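The values are calculated or read from the model by the stated rules, or taken from the named source; none is laboratory data. Source: prediction; values computed, not measured. When we count neighbours, we look across all protein chains shown, and the Cβ atoms used for this are built from the backbone with ideal geometry, even at glycine. For accessibility, only protein heavy atoms count, side chains too; no ligands or nucleic acids. Shrake-Rupley method; radii C 1.70, N 1.55, O 1.52, S 1.80 Å.
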Amino acid sequence: MLYPYNLKSMHHAPDNHKILAAVDEAINTYFENSVQNAAKIDASYSQLWEVTHGLINSGGKRLRPKITILAYLAFGGTEWKKIVPVAAAQEFLHFSLLIHDDIIDRDVIRYGNLNVIGKYKNIYSEFLPSPAEQTHFANSAALLAGDLMLSASHQLIAESELNEKKKLIAHQLLSKSIFEVAGGELLDTESSFTPSTDCDALKIARYKTASYTFVTPMLTGAMLADAPNAQVSKLKDLALALGTAYQLVDDLIGIFGDKKVTGKSTNSDILEGKKTFMVEQAVNAMSVVEKAKFDSLFGNHAATTEQIEDIKSLLVATGAKAKTEQSIKIYADKAQACLALLELDEHFHNEFAELITKVTERAY
């Protein structure tokens, strides 16, 4: 059945290329203006903006902006250009979290390139002979960059052409997302050194990933298009299931992924001792001997490449990797079931179905 709000949007739906071009233009314009304004303060400050601008353009699929606009159009939104800044705000939030996540994970690579930390370690090496000092001050620069991206996400909404009521909706959803992802990130960080029994990987997936990656973009787009409350509720169920599956796939990629494809280390999760769903399953299935070996190596920054491979082998041998793959399928099916309850025409139904497939069947 073709619902009225779908019918309105069908005649205003741009292709993905046009959407991405508009989002990138909003991002680049914001950075260009910020570089100019920062230069009025100091050349060092404009350099931080330039380094950060280079990184955001070096990778990323703009998934969250695309989801925002997809949901807006699917529920009858016809002025999609007005919500481009709001969609871009989702990317700025994501980028902020990536920068902060790299500090937490002690990573210097993002998108296959030096991240803000890596760039600033090189910049500061001219002045600081101590590697520890280089790292400290590079982390400091990255922390500031991440904060600026967080501020930018709210500023883009504030400066959009939406009316005040809809700006408030977008701000509130973004703020709730930040609140939830901070909680999820804290739980994730603490899981590396707290007892295994205190960790709930699926709760972490829900708050660290699903909240800002799927729930907020989908609900923002739908609510800005004035979608019925009942449909928004069903859409949230879809987003939560899809977000959980997405995190489980990320867990697989983080350990078994191809570094050439992901542009990120496949050892950091093991070195940091991240207790993902896959690790939970492995620990529960290990023998006493395997558990002793695992505990001595997992989260050990001095672990050798061979020892890291031993950990990966244990994740396979205990069936944890297969259990994770099975759980991804379960959550993907749940997302598809939720999609069937949405009152969407065939075009937008297929768009969401394709999104679910792409998210849950990523190669690793």
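Structure notes:
Conditions tested, residue by residue: (1) within 19 Å of Leu73 (Cα to Cα); (2) touching a Phe, Trp or Tyr at 6+ places or on another chain (Cβ under 8 Å).
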| residue | (1), (2) |
| --- | --- |
| Asp188 | no, no |
| Thr194 | no, no |
| Ala201 | no, yes |
| Lys208 | no, no |
| Thr213 | yes, yes |
| Met223 | yes, no |
| Leu242 | no, yes |
| Ser268 | no, no |
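- The residues on offer are Leu219, Leu173, Leu240, Leu162, and the sole one that is modelled with pLDDT of 95 or more and part of a loop (DSSP other than H, G, I, E, B) is Leu162.
Residues are listed down the side, and each one gets a yes or a no for (1) touching a residue at least 40 places away in the same chain (Cβ under 8 Å); (2) closer than 21 Å to Glu185 by Cα:
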{"residue": "Asp107", "(1), (2)": "yes, yes"}
{"residue": "Ile117", "(1), (2)": "no, yes"}
{"residue": "Leu148", "(1), (2)": "yes, yes"}
{"residue": "Lys167", "(1), (2)": "no, no"}
{"residue": "Ala170", "(1), (2)": "yes, no"}
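- Pair list, Cβ under 6 Å, 6 or more apart: the stretch 19-43 residue within 14 Å of Gly54 (Cβ to Cβ) and free of Cβ contacts under 8 Å to residues at least 60 places away in the same chain, other residue of a type in the set (Ser, Thr, Tyr) and open to solvent by less than 30 Å² (accessible area, probe 1.4 Å): Val35/Ser46
- Residue in the stretch 342-359 that is in contact with a His (Cβ under 9 Å, 6 or more places away or on another chain) and on the phi < 0 side of the Ramachandran plot present: yes
- Failed criterion for Asp107 (all others in (1) in contact with a Leu (Cβ under 8 Å, 6 or more places away or on another chain); (2) in a loop (DSSP other than H, G, I, E, B) hold): (1)
- Exactly one residue out of Gly59, Gly112 is farther than 23 Å from Ser151 by Cα and in contact (Cβ under 8 Å) with a residue 40 or more places away in the chain: that is Gly112.
- Residue check: Val51 meets all listed conditions (1) under 30 Å from Glu343 (Cα atoms); (2) in contact (Cβ under 8 Å) with a residue 40 or more places away in the chain but one, namely (1).
- Residue that is among the hydrophobic types (A, V, I, L, M, F, W, C), in contact with a helix residue (DSSP H, G or I) (Cβ under 9 Å, 6 or more places away or on another chain), under 24 Å from Leu98 (Cβ atoms) and open to solvent by 30 Å² or more (accessible area, probe 1.4 Å), where the choices are Phe277, Phe256: Phe256
- Condition check for Asn267: farther than 21 Å from His94 by Cα, surrounded by 15 or more Cβ atoms within 10 Å (Cβ to Cβ) and within 20 Å of the chain's Cα centre (by Cα): yes
- Residue selected from the stretch 210-235 under the condition open to solvent by 10 Å² or more (accessible area, probe 1.4 Å) and among the β-branched types (Val, Ile, Thr), by the criterion nearest to the chain's Cα centre (by Cα): Val215
- Candidates Leu186, Leu238, Leu168, Leu174: the one that is more than 26 Å from Glu361 (Cβ to Cβ) and surrounded by 21 or more Cβ atoms within 10 Å (Cβ to Cβ) is Leu174.
- Residues in the stretch 59-78 that are small (Gly, Ala, Ser), assigned to a loop (DSSP other than H, G, I, E, B) and at pLDDT 95 or above: Gly76, Gly77.
- Restricting attention to the stretch 309-327, the residues that are open to solvent by less than 10 Å² (accessible area, probe 1.4 Å) and aliphatic (A, V, I, L, M) total 3.
- Residues that are open to solvent by 50 Å² or more (accessible area, probe 1.4 Å), aliphatic (A, V, I, L, M) and within 20 Å of Gly54 (Cβ to Cβ), drawn from the stretch 110-136: Leu114
- Residues of the stretch 280-293 satisfying the condition of being under 16 Å from Glu309 (Cβ atoms) and surrounded by 19 or more Cβ atoms within 10 Å (Cβ to Cβ): Ala282
- Of residues in the stretch 150-165 being in contact with a His (Cβ under 8 Å, 6 or more places away or on another chain) and of a type outside the set (Val, Ile, Thr), the one surrounded by the most Cβ atoms within 10 Å (Cβ to Cβ): His154
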